[in-house]
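Here is the structure we will look at, set down as structure tokens.
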Amino acid sequence: MKTEKTNSYFCRSSFYFAFCFFTFALFFSGCGPMDVVELATPEKEPSYLHIAAVYDRITLNRSTPAEVLASIKISDDETVSQSKRVVASAGEQKEGKQKWFNMVSFSENELSAKSKYTFFVDERPKVLFVEPWEGAAYEGALVLGQDVLGKPYNNENARRIAVLKAVLGSVRSDVKEVRTDNKIINICGTVINQAFETVLAKLNESPSLAERLSDPNEGLGFEHPSFGKGKIGLKIEDDIAVTKIMLGSFTGQFKQRRESSDDI
């Protein structure tokens, strides 16, 4: 009987200690009670996988503007923006802490997709026992022109760096066309731009590191000014350059997409 009482007291004490510790940690993380409830609430759709699924359905050199317009918006939280050659759909939820977009550009002379991008950012602060933490995920594909592919390069690393610069130029140009009437795309474009610029600065100092871009498991590691750790990968297949960037908590998903960091 005494043993049962002792165990019961021990369980209550342990629970009380854990509760106090959790509250203490939340207090010093700057989160109030309502913040905790909001952060702990499961994600609504669309999740990162739902956003990226739109990107997957688009085929470069094949998908038409009409096909993209019919499928690019998958949530009522999204706003579609369009220019003469760019179509994008962007949204946000959880009071703006989560933002995303899918964007496709077309050739002015051909009715087929020439670039596509998907981006998802979760800016919720890191809180004890609550995941996913702050992070972002970007994927993009671009049809390269002869202005990049036709040039002679000293080595493969120089070629990779040139392709990476071409991809950044394409991202900047496409974002610029639709950012005026869509602040979400403008904000997300800034995060992507920071990542590419940071990587290119690192490669400018040590060009040999470009070899790591082709590592499908780890990619090239770098430090992003807003999200800390990051990884970037580049794959060149014929005339198409495929890039992937994972930042913060999403770096654990570099090799393969997952629903959330709980699966990492």
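Coordinate-derived values only; no laboratory data. Predicted model only: the values in this text are computed from it and were never measured. Cβ atoms come from the backbone with ideal geometry, glycine included; neighbour counts cover every protein chain shown.
Restricting the GluC sites (Glu not before Pro) of segment 64-170 to loop positions (DSSP other than H, G, I, E, B) with no more than 15 neighbouring Cβ atoms within 10 Å leaves E95, E108, E110.
Taking the fewest neighbouring Cβ atoms within 10 Å as the starting point, the ordered list for L247, L234, L60 is L60, L234, L247.
Order these by the 10 Å Cβ neighbour count, fewest first: R124, R172. Lowest count first: R172, R124. Here the spin labels are modelled as points 7 Å beyond Cα on the Cα-Cβ line, and at N155 and N186 they lie 4.3 nm apart.
Net charge of the neighbourhood of T79, taken over other residues with C-beta under 11 Å away and scored Lys/Arg +1, Asp/Glu -1, is -3.
So for segment 114-264, considering every pair of alpha-carbon atoms, how many percent are separated by more than 20 Å? Result for the distance tail: 49 percent. The D77 and N204 beta-carbon pair, evaluated with R₀ = 35 Å, returns a calculated FRET efficiency of approximately 0.35.
For segment 177-237, the set of GluC sites (Glu not before Pro) satisfying both a DSSP loop assignment and a count of at most 16 other C-beta atoms within 10 Å is given as E218. Each other residue within a Cβ distance under 9 Å of G140 adds +1 if Lys or Arg and -1 if Asp or Glu, for a net charge of +1.
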